[in-house]
1. Could you run the Karplus curve 6.51 cos²θ - 1.76 cosθ + 1.60 with θ = phi - 60° over segment 4-15 and give me ³J(HN,Hα) per residue in whole Hz, x for Gly and Pro?
2. Using a basic spin-label model with each label point 7 Å from the Cα along Cα→Cβ, how many nm lie between ALA14 and ALA52?
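All of the numbers you see were taken from the coordinates with simple rules; none came from a lab. Keep in mind the model is a prediction, meaning the values are calculated, not measured. Every residue, glycine as well, gets a Cβ built from its backbone with ideal geometry; the counts of neighbours run over all protein chains shown.
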Amino acid sequence: MRLVVDLNRCQGYAQCAFLAPDVFAMHGDEGLLYDPQAEEEQRERLAQAAAACPVQAILVDDLDRDRTREQDQDRTGAAEAPDA
Ligand code: SF4
């Protein structure tokens, strides 16, 4: 998963570092450090961190796309259920 933080927007509130500490870390005066290639198992925590960021500075590739795919699968599954 690719991850980008708009550091021009980031105000250092540290919500992300609290919610996804394996991906984000506050680093003194330098501000936020993060792993731009986050592991797949961080997906849920990243979603929470992105949602919690007060200035919406966290952008995660695939997060919305995968959510849409899951919704499509749910719909497909629901449509197939009567045939089973
Ligand atoms: S929660 Fe948002 S504003 Fe706060 S440190 Fe993380 S990216 Fe920056």
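1. 10, 10, 6, 6, 6, 8, 3, 10, x, 5, 6, 4
2. Here the modelled spin labels are 1.2 nm apart.
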